[in-house]
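**Student:** Below are the structure tokens for one structure; questions will follow.
The values are calculated or read from the model by the stated rules, or taken from the named source; none is laboratory data. Keep in mind that what you see is a predicted model, and the values were worked out from it rather than measured. Cβ placement follows ideal geometry from the backbone for every residue including glycine, while neighbour counts extend to all protein chains displayed. Ligands, DNA and RNA are stripped out before the accessible areas are found, and what is left, the full protein with its side chains, is counted by its heavy atoms. Shrake-Rupley method; radii C 1.70, N 1.55, O 1.52, S 1.80 Å.
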Amino acid sequence: MRLAFYQFAPELGAVEKNRERLAAALQGLDVDLIVLPELATTGYLFTSREELLPQAEPIPGPTTDLLQKCAAASGAHIVLGIAERVGDRCYNSAVLIGPQGVIGIYRKMHLFHKEKQLFDPGDLGFPIFDAKGVKVGLLVCFDHFFPEAARTLALLGAQVICHPSNLILPGLGQLTTRVRALENRVFWVLANRTGTETRGPQSLIFTGCSQIVAPDGTLLVQATPEEERVGLIEIDPLRACEKRVTPLNDLFADRRPAWYRL
Ligand code: ACM
């Protein structure tokens, strides 16, 4: 499987422009599964729900329709981070799109900081989807801090975890996602954004350094903090089905759930 991320700086509030930029970046790519950043059509630093809602879209909607056309043209599956509008609710969602259309939606469970004032918390659990015969789980940004989220996906059989992000705490997500990949023996695609957003006194610098990690924690590809780029690597997804770490240790069979307090 040819696995990829696209790292760039979405422009705050410029949905049509960001959408066209995504389509242009996807054109001509020879990939099987590509992950785009969190809130890739809207940008991040909204100051109120009233400001965010008109920018949010239903799924399916104009952006997923456009990306479906990209998927149909290239054969790629695409994971997009998007503000999802459902009536007057709004979720920070990740959506998996294939050549036939929307395959599945994940709604961010662990909202970060002032996202709690903007978005509704996720209510779809941690579903697993199929992308070209490979089991895929979706998480969004701050979810990386909660090992239960990745563990749940891995126990459900995820081979690749796709992780659209807008990380702002330098180095943290890049570190935890290597550990999550290692402790669950899964591939991990962290698609982070770059750039800075400023609203009045508040400024956020997004940390880039998108990466693809192997099930042994090895960094396979990593972007720099600021570049716009596609990162791409060919992987064997079956590697994520092997949970043995020594001849006598299987990471899943050795668990002691009766003793855990979760
Ligand atoms: C984040 O969850 N966007 C930091």
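**Student:** How large is the Kirkwood hydrodynamic radius of segment 1-65, in angstrom, based on all distinct alpha carbon pairs?
**Tutor:** 12.8
**Student:** Helix-only mean residue ellipticity at 222 nm, the chain, DSSP H runs n ≥ 4 weighted -39,500 (n - 2.57), per residue, nearest 500. What is it?
**Tutor:** Per the formula, -6000 deg cm²/dmol.
**Student:** Shifting gears a bit: Using only the alpha carbons of the chain, determine the length spanned along each of the three principal axes and report them from longest to shortest in whole angstroms.
**Tutor:** Computed over the Cα atoms, the extents are 55, 42, 35 Å.
**Student:** Give the lysines reachable from Lys243 as a straight Cα distance under 29 Å; neighbours fewer than 8 places away on the same chain don't count.
**Tutor:** Cα-Cα hits under 29 Å: Lys108, Lys132, Lys135.
**Student:** With only alpha-carbon atoms counted, please give the Rg and Dmax of segment 195-247, in Å.
**Tutor:** 16.9, 57
**Student:** Just reorder Glu227, Glu38 by solvent-accessible area, largest first, 1.4 Å probe, all chains present.
**Tutor:** Descending accessible area places them as Glu227, Glu38.
**Student:** With θ set to phi - 60°, apply the Karplus curve 6.51 cos²θ - 1.76 cosθ + 1.60 along segment 201-216 and write out the HN-Hα couplings as whole Hz, x wherever there is a Gly or Pro.
**Tutor:** x, 9, 9, 10, 10, 8, 9, x, 6, 4, 8, 10, 10, 7, x, 9
**Student:** A follow-up question, please. Roughly how big is the chain's charge dipole about its Cα centre, with Cβ charges of +1 (Lys, Arg) and -1 (Asp, Glu), in debye to the nearest 20? The partial results should precede the final answer.
**Tutor:** Working: 27 positive and 29 negative charges, 124 e Å.
Here the size comes out at about 600 debye.
**Student:** Also, I was wondering about something else. Report the antiparallel proportion of the DSSP beta bridges in the chain as a percent, rounded to a multiple of 5.
**Tutor:** Here the share of antiparallel DSSP bridges comes out near 70 percent.
**Student:** Output the Cα-based Rg and Dmax of segment 111-255 in Å, rounding Rg to one decimal and Dmax to a whole number.
**Tutor:** Rg then Dmax for segment 111-255, in Å: 15.9, 57.
**Student:** Among His113, His144, His77, determine the one that fluctuates most according to a GNM of the chain built with springs between C-alpha atoms less than 10 Å apart.
**Tutor:** His113
**Student:** Hey, what's the Cα Rg ratio for segment 32-130 versus the globular rule of thumb, 2.2 N^0.38 Å?
**Tutor:** 1.05
**Student:** Let me ask something else about it. Within the chain, what is the longest stretch that has no trypsin sites (Lys or Arg not before Pro) placed in a DSSP loop and near at most 15 other beta-carbon atoms within 10 Å?
**Tutor:** The longest such stretch corresponds to 133-254.
**Student:** Something else about it: In what sequence, largest accessible area first, do Glu84, Glu183 appear using a 1.4 Å probe?
**Tutor:** Order by accessible area, largest first: Glu183, Glu84.
**Student:** Take the Cβ-Cβ distance between Val245 and Leu204 as r, set R0 to 51 Å, and report the resulting FRET efficiency rounded to the nearest 0.05.
**Tutor:** After rounding to 0.05, the efficiency reads 0.85.
**Student:** Calculate how many DSSP beta bridges within segment 98-251 are antiparallel, expressed in % of all such bridges and rounded to the nearest 5.
**Tutor:** Among the beta bridges of segment 98-251, antiparallel pairing accounts for roughly 70 percent.
**Student:** Between Arg89 and Arg2, what is the spin-label point distance in nm, taking each point 7 Å from the Cα along the Cα→C-beta axis?
**Tutor:** Here the modelled spin labels are 3.8 nm apart.
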